[in-house]
1. Any residue in segment 282-296 that's more than 16 Å from Gly26 (Cβ to Cβ) and among the β-branched types (Val, Ile, Thr): show its pairings with residues that are in a loop (DSSP other than H, G, I, E, B) and at pLDDT below 95 at Cβ separation under 9 Å, as long as the two are six or more apart or on different chains.
2. Residues being closer than 17 Å to Ala57 by Cβ and open to solvent by less than 40 Å² (accessible area, probe 1.4 Å): count how many of those fall in segment 311-333.
3. Scan segment 292-309 for residues that are buried (at least 20 other Cβ atoms within 10 Å of the Cβ) and either in contact with a Lys or Arg (Cβ under 8 Å, 6 or more places away or on another chain) or not in a strand (DSSP E or B) (or both) and report the count.
4. Which of the numbered conditions does Glu65 fail, given that it passes all the others? Conditions: (1) under 22 Å from Val302 (Cβ atoms); (2) open to solvent by 40 Å² or more (accessible area, probe 1.4 Å); (3) of a type in the set (D, E, K, R).
5. Can you find even one residue in segment 162-176 that is hydrophobic (A, V, I, L, M, F, W, C) and either within 30 Å of Gly75 (Cβ to Cβ) or open to solvent by 70 Å² or more (accessible area, probe 1.4 Å) (or both)?
6. Take Val18 and tell me if it is assigned to a strand (DSSP E or B), in contact (Cβ under 8 Å) with a residue 60 or more places away in the chain, out of contact with any Phe, Trp or Tyr (no Cβ under 8 Å at 6 or more places or on another chain) and not acidic (Asp, Glu).
7. Scan segment 265-278 and give yes if some residue there is in a helix (DSSP H, G or I), open to solvent by less than 60 Å² (accessible area, probe 1.4 Å) and touching a helix residue (DSSP H, G or I) at 6+ places or on another chain (Cβ under 6 Å), otherwise no.
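The values are calculated or read from the model by the stated rules, or taken from the named source; none is laboratory data. Keep in mind that this is a model prediction, so the values were computed, not measured. Here Cβ is always computed from backbone atoms with ideal geometry, including for glycine, and neighbour counts include all displayed protein chains. All accessible areas refer to the heavy atoms of the entire protein, side chains included, with ligands and DNA or RNA removed. Shrake-Rupley method; radii C 1.70, N 1.55, O 1.52, S 1.80 Å.
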Amino acid sequence: TGLAVAWRCAQRGMRVVVRDPAPGSGASGVAAGMLAPVAEAYFGERELTGLLVASAARWPGFAAELTAASGVDLGYRTEGTLVVGLTGDDLAEARRLWAYQQELGLAITPLRPGQLRDREPLLAPRVRGGAWAPGDHQVDPRRLVDALRVAAERAGVTIVPEPVRQLSDVDRQGPVVVAAGCATAGLTGLPVRPVKGQLLRLRTPDGAAPGFRHVIRGYVDGQQVYLVPRADGEVVVGATVEERADRQVTADAVLRLLRAAVELVPGLAEYELVEAAAGLRPGTPDNAPALGPLPGRPEVVVAAGHHRHGIVLTPLTADLITDLISTGVPDPQLAAFRPDRFTTDRIVEGQPWS
């Protein structure tokens, strides 16, 4: 998020300095890269879903522009996502959510088992049914970070490999954007907490592309799992959701993720296990990001707390924050996500931030 904001600001002629000892080494480095406004549309999060849909719509143009600016292939793929249920109970749970998503007007089409296997023959025969979300795409987050770093530096951004311990340490000659993931809490006092996620990276035995093309999100005996295939032979399997702040990889998580993945696609049992990793998502009390001026500090703009949605929200977050810095007037899309919703010191509606 920080690199994307920096790139967009530099494109508008601003002088930009990024302070970060290792850009992209936080949640981005272990994210799976699903661009999933439909499959990630959950009960009680209508405003957030609207933000996800709006940002996902910007991804095709954003990916093309960033690839041209950086020369880096992002691994952006548009085959869509299959959401499947292994058992009858799993399918019933999934159908509840599909019904809600369809009520919102989102594109998700139920499929019978035979239709699923027509799309992905490697799916296990036990799979009871599923649905297709054609608008849910994917990108490789590690390539994305590399591309943003290259594009930002080519646009004139200076990257200083130093941490910021407190905002008073920043030599400020203009607005300061805090896009520090879980570290945002210490810098701003906002309730951004770490939510641990563990995931695995597998690789095909021969290094060829995996035998399935779609992202597969599965309900497996009550557990949710996702499988993200990459053209270079990698498959990302994830992810746990734990209210913990450590980065330890546990045997239990590896076992549960592998078991669920192999239940859906049995052939994965022959893949090489090349990485097991844990990262910390920056979560907020309502699971939505904090976007806008810091209460009481209008010169400080927050772009953090994206939780599960940091990758899909990258283009829209960058555009909205850059517009805010450029014009001083918040876009209406920021209204539901202002940082002051967590405080009693609310900013007056429609009032410029500086």
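1. The qualifying pairs do not exist here.
2. 10
3. Counting residues in segment 292-309 that are buried (at least 20 other Cβ atoms within 10 Å of the Cβ) and either in contact with a Lys or Arg (Cβ under 8 Å, 6 or more places away or on another chain) or not in a strand (DSSP E or B) (or both) gives 8.
4. For Glu65, the exception is condition (1).
5. Looking through segment 162-176, none of the residues is hydrophobic (A, V, I, L, M, F, W, C) and either within 30 Å of Gly75 (Cβ to Cβ) or open to solvent by 70 Å² or more (accessible area, probe 1.4 Å) (or both).
6. yes
7. The answer is yes, given that some residue of segment 265-278 is in a helix (DSSP H, G or I), open to solvent by less than 60 Å² (accessible area, probe 1.4 Å) and touching a helix residue (DSSP H, G or I) at 6+ places or on another chain (Cβ under 6 Å).
Residues checked against (1) over 28 Å from Glu263 (Cβ atoms); (2) open to solvent by 10 Å² or more (accessible area, probe 1.4 Å):
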residue	(1), (2)
Gly50	yes, yes
Gly75	no, yes
Leu82	no, no
Leu86	no, no
Tyr100	no, yes
Glu103	yes, yes
